[in-house]
Amino acid sequence: MTDTPLADPVPVKDASTVMVLRDTDRGPEVFAARRVQGMAFAGGMTVFPGGGVDAADDDPDLAWSGPAPDWWAERLSCDVPRARRLVCAAARETFEECGVLLADHVDGSPVADAGRYHASREALESHEMAFSGFLARESLSLAAGRLRPFDHWVTPAVEKRRYDTRFFLAALPHGQEPDDLTSEVDLTMWARPADLLRSFREGRSMLLPPTWVQLRHLAEFPDVATALAAEPRITPIEPEILDHRGGVRVGFDGSDEYWSDLEAGHA
C-alpha cells in the first residue's frame, strides 16, 4: 500500500444507487446510463441511477409503505434515521434520474403511470420540493418493499469526492418505463449485465469498479425474481490504495480482472 499521508481526508457523503431490472426472453436486463463528459463525478462513466442523500431526505413524516425503517436499519447496519434517508434517497434519485417512481397510492395499489408526475421532477432536482412533500401532495407513499439491499461501497480516501454508497435492486414497476429526461446523462439503455461487461472489455464503455462488480453479480441471476430473492451478505467495501508502476490503483476482490479488462479495452 502507498504510504502517502492524507493531510485533509475528504468528508464522506451518504449516497444511494438503484439497479432497476426487467425480465426479457434473453434474460434479465438492467437500466444504465452514461453520464455526461466533464461532470465533477464519474463523467463519461456508465452508471445506474443514484446520487447523494439530501438534507430534505431526513423527514420522519415521510409517507412510507413496506418494510419499516427499523427493518432497513438492521439490513443496512445503521441507525433508523440514516436508513430512512438512504431509502428515501434511493426512491427519489430513481425518479429524478430516470422517471421510475417506486411509490404506492393510498389504497395500496402501485403507481403504474409515472408520467403524470414528471412535472415535479425538475422541482425535486432543483431542491424546490422535498420528496416527502411531493408524495404528500399526490397522496402517495414511498414503496420501500419494491427495493432490496444489495451492496455497500465506500470511495477510497485519495479521491476528491467520496461517497458511502448503498446499492439497491428494484424491479421495473408494471406500466412504467425509464427515460433520459435529465441533463446528467447523454445515453440511456437497457442491457444484460454480461453485455455491459463485454462492452467494457472491448473499450466501448467505462465502468467504475463498484459498477463492474455489481454487473458481475447481476449476471449470475436467471431472472428478476431470483435477483430480488437473493439475500447477499453485505459488508462495507473500501478499496485499498496500491502502488502500481510509479502510480496508484485501487485493489478489491476481483480487481486484477477489472484492471485486465480495462487495459485490454482501453490500451
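The values are calculated or read from the model by the stated rules, or taken from the named source; none is laboratory data. Every value quoted in this text rests on a predicted model; they were computed, and no experiment measured them. In this analysis, Cβ positions are derived from the backbone assuming ideal geometry, glycine residues included, and neighbour counts consider all displayed protein chains. Each accessible area value is taken on the protein alone, full model and side chains, heavy atoms only, with ligands, DNA and RNA left out. Shrake-Rupley method; radii C 1.70, N 1.55, O 1.52, S 1.80 Å.
Listed values, structure above:
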item	result
Within the chain, helix-based [θ] at 222 nm, where runs of 4 or more DSSP H residues each add -39,500 (n - 2.57), nearest 500	-8500 deg cm²/dmol
Among 217, 242, 207 - extreme Cα towards positive end, dipole of segment 193-267, charges at beta-carbon	207
Kirkwood Rh, Cα atoms: Rg over Rh of segment 169-245	1.01
Where 109, 141, 77 fall by accessible area, highest first, once all protein chains stay in place (1.4 Å)	77, 109, 141
Segment 175-267 - percent of accessible surface contributed by carbon and sulfur, probe 1.4 Å	49 percent
13 Å beta-carbon shell around residue 201, net charge (K/R +1, D/E -1)	-2
Signed unit charges on C-beta, dipole axis of the chain, positive-most listed residue 156, 110, 255	255
Surface accessible to a 1.4 Å probe, per residue, for the residues of the chain, Å²	48 Å²
Whole-number D in µm² s⁻¹ for the chain, Kirkwood Cα-pair radius fed into Stokes-Einstein, 25 °C, 0.890 mPa s	128 µm²/s
Where trypsin sites (Lys or Arg not before Pro) fall in DSSP loop in segment 180-258, at most 12 other Cβ within 10 Å	204, 233, 245
Under 14 Å, Cβ to Cβ, from residue 26 - net charge with Lys/Arg +1 and Asp/Glu -1	-2
Neighbour-limited loop hits for GluC sites (Glu not before Pro), segment 99-157 (at most 14 other Cβ within 10 Å; DSSP other than H, G, I, E, B)	128
Within the accessible area of segment 55-104 (1.4 Å probe), percent carbon and sulfur	48 percent
